[in-house]
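The block underneath contains the structure these notes are about, expressed in structure tokens.
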Amino acid sequence: MNNLGNATFENYVGSLTGYSEMAYQMSAHVLTLGYAIMLAALFYFILTIKTVAPKYRTSSVLSVVVMVSAFLLLLVQQQNWTGSLSFDPGSATYKLADSSDLFNNGYRYLNWLIDVPMLLFQILFVVTLTKSNFSSVRNQFWFSGAAMILTGYVGQYYEVTSPVTFFIWGTISTLFFVHILILMKRVIDEGKEGAPAQAQKYLGYIWVLFLVSWMLYPGAYLMPYLFSLSLEPALTETAVVGRHITYTIADVSSKVIYGILLTLTAQEMSKAEGYDYEKIETAL
């Protein structure tokens, strides 16, 4: 095995076997799709800010910030992928380019470090907490969200060179993840109390979406081992493409669809409080 140090397994595959045309292009295209969706969603959240009452607009503003961050850093991630590999005519594969930077999933972690706390804060500006303290929940979201990302960030550097270290850091990250799930369930349950029926339904959708989309991240993190029967990562292009697709689906679901559902919830809450944007526009 080539000695690439603590590089992620995508680089080892690129150095050892290279990527077929299909694997290389599928990865490039799905990465492109990811940042393109974030850009499109950015305009949606900007254009729908006034469809909710002023008290709920902070959530929409946070969605805008999340989309800008995700668009820029996922764009860099896609460029990092195409720039780190070059076509090798001899093997008819895309291999690690000698004069380029290695591929690095760290750009995703930088994006998550910005976005995760804001995604968690968003719902606090839509629901009303009936038992929990706003500041306490916000601070716990921030601490566990940042700690989850930072510990996962460290762990990813050992996914090839030290599987034990990789799993230790992954387990620590998972503990913070579980704490976030517990907090989110509490927030959604409290938010449903006294909310309009349709808003309660949307909050139910948000919980299901949150569970499914956030569970995809540890799956992508473990992707090299999901294709292996031992405690050694499977250095295959299938695992690489699978990780790119899984991360992209998770990002779109947990940021874009989540933000849209929060907007719909806020619209229902606004109508219940007498703010109906459609009627206001008609009157004007």
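The values are calculated or read from the model by the stated rules, or taken from the named source; none is laboratory data. Remember, predicted model here, so these are calculated numbers, not experimental data. Cβ atoms come from the backbone with ideal geometry, glycine included; neighbour counts cover every protein chain shown. Ligands, DNA and RNA are stripped out before the accessible areas are found, and what is left, the full protein with its side chains, is counted by its heavy atoms. Shrake-Rupley method; radii C 1.70, N 1.55, O 1.52, S 1.80 Å.
So the values come out like this:
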{"quantity": "Single residue of Y56, Y107 found to be within 21 Å of Y157 (Cα to Cα) and aromatic (F, W, Y)", "calculated": "Y107"}
{"quantity": "Where V13 falls short, out of the listed (1) open to solvent by 20 Å² or more (accessible area, probe 1.4 Å); (2) at pLDDT below 95", "calculated": "(1)"}
{"quantity": "Matching residues in the range 139-171 - criterion: being aromatic (F, W, Y), farther than 13 Å from P218 by Cα and open to solvent by 10 Å² or more (accessible area, probe 1.4 Å)", "calculated": "W142, F143, Y157, Y158"}
{"quantity": "Residue match in the range 90-106 (condition: within 20 Å of N6 (Cβ to Cβ), hydrophobic (A, V, I, L, M, F, W, C) and crowded, with 19+ Cβ neighbours inside 10 Å)", "calculated": "yes"}
{"quantity": "Residues that are of a type in the set (A, V, I, L, M, F, W, C) and either outside any helix (DSSP H, G or I) or within 17 Å of I123 (Cβ to Cβ) (or both), drawn from the range 50-72", "calculated": "V52, A53, V61, L62, V64, V65, V66, M67"}
{"quantity": "L33 being more than 20 Å from S270 (Cα to Cα) and either buried (at least 18 other Cβ atoms within 10 Å of the Cβ) or out of contact with any helix residue (DSSP H, G or I) (no Cβ under 7 Å at 6 or more places or on another chain) (or both)", "calculated": "no"}
{"quantity": "L73 being in contact with a Phe, Trp or Tyr (Cβ under 6 Å, 6 or more places away or on another chain) and open to solvent by 30 Å² or more (accessible area, probe 1.4 Å)", "calculated": "yes"}
{"quantity": "Residue count for the range 250-275, restricted to those that are open to solvent by 30 Å² or more (accessible area, probe 1.4 Å) and either more than 20 Å from F43 (Cα to Cα) or within 21 Å of the chain's Cα centre (by Cα) (or both)", "calculated": "9"}
{"quantity": "Complete set of residues in the range 23-42 that are free of Cβ contacts under 8 Å to residues at least 24 places away in the same chain and closer than 23 Å to P89 by Cβ", "calculated": "Q25, H29"}
{"quantity": "Candidate set: the range 225-249, residues that are part of a helix (DSSP H, G or I) and aromatic (F, W, Y); chosen: the one most open to solvent (accessible area, probe 1.4 Å)", "calculated": "Y225"}
{"quantity": "Verdict on N6 being in contact (Cβ under 8 Å) with a residue 40 or more places away in the chain, touching a strand residue (DSSP E or B) at 6+ places or on another chain (Cβ under 7 Å) and not acidic (D, E)", "calculated": "no"}
{"quantity": "Hey, Y44 open to solvent by 60 Å² or more (accessible area, probe 1.4 Å), touching a Gly at 6+ places or on another chain (Cβ under 9 Å) and in a helix (DSSP H, G or I) or not", "calculated": "yes"}
{"quantity": "Odd one out for F177 among (1) at pLDDT 95 or above; (2) more than 15 Å from the chain's Cα centre (by Cα)", "calculated": "(2)"}
{"quantity": "Test: S20 is over 24 Å from the mean Cα position of the chain (by Cα) and either open to solvent by 20 Å² or more (accessible area, probe 1.4 Å) or touching a residue at least 12 places away in the same chain (Cβ under 8 Å) (or both)", "calculated": "yes"}
{"quantity": "Residue match in the range 210-224 (condition: over 23 Å from F177 (Cβ atoms) and either surrounded by 15 or more Cβ atoms within 10 Å (Cβ to Cβ) or aromatic (F, W, Y) (or both))", "calculated": "no"}
{"quantity": "When residues of the range 237-282 are limited to those that are over 24 Å from A36 (Cβ atoms) and of a type in the set (D, E), the one modelled with the highest pLDDT", "calculated": "E268"}
{"quantity": "Selection from the range 74-95 of residues that are within 15 Å of Q25 (Cα to Cα) and not hydroxyl-bearing (S, T, Y)", "calculated": "Q77, Q78, Q79, N80, W81, G83, L85, F87, D88, A92, K95"}
{"quantity": "For A195: the one exception among (1) of a type in the set (A, V, I, L, M, F, W, C); (2) open to solvent by 60 Å² or more (accessible area, probe 1.4 Å); (3) within 28 Å of F125 (Cα to Cα); (4) not in a helix (DSSP H, G or I)", "calculated": "(2)"}
